[in-house]
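Input: a single structure, listed below in structure tokens.
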Amino acid sequence: MTSLISKKSSPLSGITKISGDKSISHRALMLGALTVGETIISGLLESEDVLNTANAMRAMGAQIKHHSDGLWRCYGVGVGGLVQPENVLEMGNSGTSTRLLMGLVSTHPIITKFQGDASLTKRPMNRIIEPLEMMCANFDASEGGCLPITVHGTDHPLSIKYELPVASAQVKSAILLAGLNSKGRTTIIERKPTRDHTENMLNAFGVEVITTKLDNGHYAINMLGQQELQPCAIDVPGDPSSAAFPTVAAILTKGSKLQLSDIGINDRRIGLYLTLKEMGADITFEYEHIQSGEKIANIIVKGNSELKGINVDPALVPSMIDEFPILAIAAACAKGTTTMTGLAELRVKESDRLLMMANGLKACGVNLEMGKDSLTIHGTGKPPKGGAEIKTAMDHRIAMSFLILGSVSDEPISIDDATSIQTSFPNFVKLMNELGCNINPINN
Ligand code: S3P
């Protein structure tokens, strides 16, 4: 367990890349493993979560090779070709690996056991078990529908039409991946648009997935099963959820100027950036273009404006679902009250993020109220006192958010355990320090 301490930062400056998008990296390995032929992936995020996906795909028959030039090459087994793994699949901290892979194996006639760390073991899996059972898979789950779970995949998969009860890209993707090996049409209805990387990447691999906006504003996603995937090259963009940390650090530190190059700016991922702009932040997207089916840009951030509190648009929640911890840090430094509502899903992330943020911010001297699914933060227009030791509860985004707060607060902030940062942003500390931060291990 490494504890870290973050002290006041110099103005942040530099032009840098951010490691690859986690969601897209998982999907690239999964789809590469289902393609006959060679899939070349560049810019893959080499973090613990993504490596768990790579190991699982290898255990089910795919060849996945990491080359010294940073390229990953997959030689897949074809749609429907996954083999039964000899051992339990270790998912570590990764909800995305677990839920998407459960979808994938549920329509193969194989038995697969999934387990994870203490954080992942608490997370709800019934949300994917329900639709996958409709497709004829069977599940032996632990109490409360949690891991460890054994999936008994079916050899007679049924395609389904399913309306998502929660806005979840993981559930949508699990059903699409299950539908790949099912005869007939899979239809998913989503009331609120969630990240569409699975749909985009399936299209890049030559599978027709069609999304239509319905008259009532909902979205219908349609895909015919048993289409073959065509090999392709995937260039993974920088992760906007990771880029959020240097972005907020630069906004809060006067005199900062950063260029974060080649970051994914998919419309369904940029809620944080739109919200920060509404709060008065100086953020621009430059050189927008399409890469491997995804919109990317250079993000330019300047620390030259005062942030003001706002009511965050609840319609934006799915497009910034992972960014509320770092938004709460920005809100704590803004002038006035910021209200965030519709946050029930934050209770079931890597930790109960509403509670962890509320407790941590209070310990740093921030005035706030937490509701069942809301957070109201009263900012004073300057950073809070800080000076606390924050518990991270195995949650990478809680850990990184408070290290960013420590770079602007009056007194340093420490975190009890930095291990979780490896799951999504392994070079976070090195990169932030290169840009001007002052984050160091505590020698106990
Ligand atoms: C993800 C979807 C989101 C997000 C997670 C990654 C994905 O989860 O929080 O970090 O890659 O599909 P939900 O589907 O539970 O909202």
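The values are calculated or read from the model by the stated rules, or taken from the named source; none is laboratory data. Computed from a predicted model, the values in this text were never measured in an experiment. A quick note on method: Cβ atoms are made from the backbone with ideal geometry, for glycine too, and the neighbour counts reach across all protein chains shown. Heavy atoms of the whole protein, side chains included, go into the accessibility calculation; ligands, DNA and RNA do not. Shrake-Rupley method; radii C 1.70, N 1.55, O 1.52, S 1.80 Å.
The table that follows gives values for the structure above.
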{"item": "Anisotropy class of the stretch 99-203 from Cα gyration tensor, a/c 1.5 cut", "result": "oblate"}
{"item": "Within the accessible area of the chain (1.4 Å probe), percent carbon and sulfur", "result": "50"}
{"item": "Using alpha-carbon coordinates, inclination of helix 396-406 to the longest axis of the chain, degrees", "result": "10"}
{"item": "Radius 12 Å from Cβ of residue 288, net charge of other residues (Lys, Arg +1; Asp, Glu -1)", "result": "-3"}
{"item": "Sorted peptide list for 69-81, 192-204, criterion being average Cβ within 10 angstrom, highest first", "result": "192-204, 69-81"}
{"item": "Beta bridges per DSSP with both ends in the chain, % antiparallel, nearest 5", "result": "75"}
{"item": "Surrounding net charge for residue 220, when Lys and Arg each add one and Asp and Glu each subtract one, Cβ distance under 15 Å", "result": "0"}
{"item": "Average Cα contact separation per residue, the stretch 22-235, under 8 Å, 6 or more apart, as relative contact order %", "result": "21"}
{"item": "Lysine pairs in the stretch 22-235 with Cα atoms under 14 Å, if 8 or more residues apart or on separate chains", "result": "4"}
{"item": "Percent of beta bridges antiparallel (DSSP, the stretch 22-235, rounded to nearest 5)", "result": "80"}
{"item": "Lys, Arg +1 and Asp, Glu -1 on Cβ, resulting dipole of the stretch 22-235 about Cα centre, debye, nearest 20", "result": "320"}
{"item": "Separation between Cα centres of the stretch 89-114 and the stretch 224-253, rounded to whole Å", "result": "22"}
{"item": "Helix 95-106 vs. the chain, principal-axis angle (Cα, 0 to 90°, nearest 10)", "result": "10"}
{"item": "Cross-link partners of residue 372 among aspartates and glutamates (Cα-Cα below 17 Å; sequence separation of 8 or more within a chain)", "result": "345, 352"}
{"item": "Between 0 and 90°, nearest 10: helix 22-32 axis offset from the chain longest Cα axis", "result": "20"}
{"item": "For the chain: relative contact order, % (alpha-carbon pairs under 8 angstrom, 6 or more apart)", "result": "19"}
{"item": "Computed magnitude of the charge dipole of the chain (debye, nearest 20; Cβ of K, R +1, Cβ of D, E -1)", "result": "700"}
{"item": "Centre separation in Å (Cα based) which lies between the stretch 409-444 and the stretch 300-353", "result": "21"}
{"item": "CD proxy at 222 nm, helix term only [per DSSP H run n ≥ 4: -39500 (n - 2.57); per residue of the chain; nearest 500]", "result": "-8500 deg cm²/dmol"}
{"item": "Sequence-distant aspartates and glutamates (8 or more away, or on other chains) whose Cα lies within less than 14 Å of residue 382", "result": "306, 410, 411"}
{"item": "Mean Cβ neighbour count within 10 Å, used as a protection proxy, ranking 314-327, 108-121, 18-31 highest first", "result": "18-31, 314-327, 108-121"}
{"item": "Furthest towards positive pole of dipole, 2, 89, 436, structure part the chain, Cβ charges", "result": "436"}
{"item": "Dipole of the stretch 122-168 [Lys/Arg +1, Asp/Glu -1 at C-beta], most positive-end residue of 150, 162, 124", "result": "124"}
{"item": "Percentage relative contact order, the stretch 285-388, counting C-alpha pairs under 8 Å, at least six apart", "result": "27"}
{"item": "Dipole axis of the chain (+1 Lys, Arg; -1 Asp, Glu on Cβ), positive-most option in 54, 309, 214", "result": "309"}
{"item": "Accessible area (Å², per residue) of the stretch 269-389, counting only protein heavy atoms and a probe of 1.4 Å", "result": "38"}
{"item": "Nonlocal amide H pairs with residue 37, under 5 Å, H built at 1.01 Å", "result": "76"}
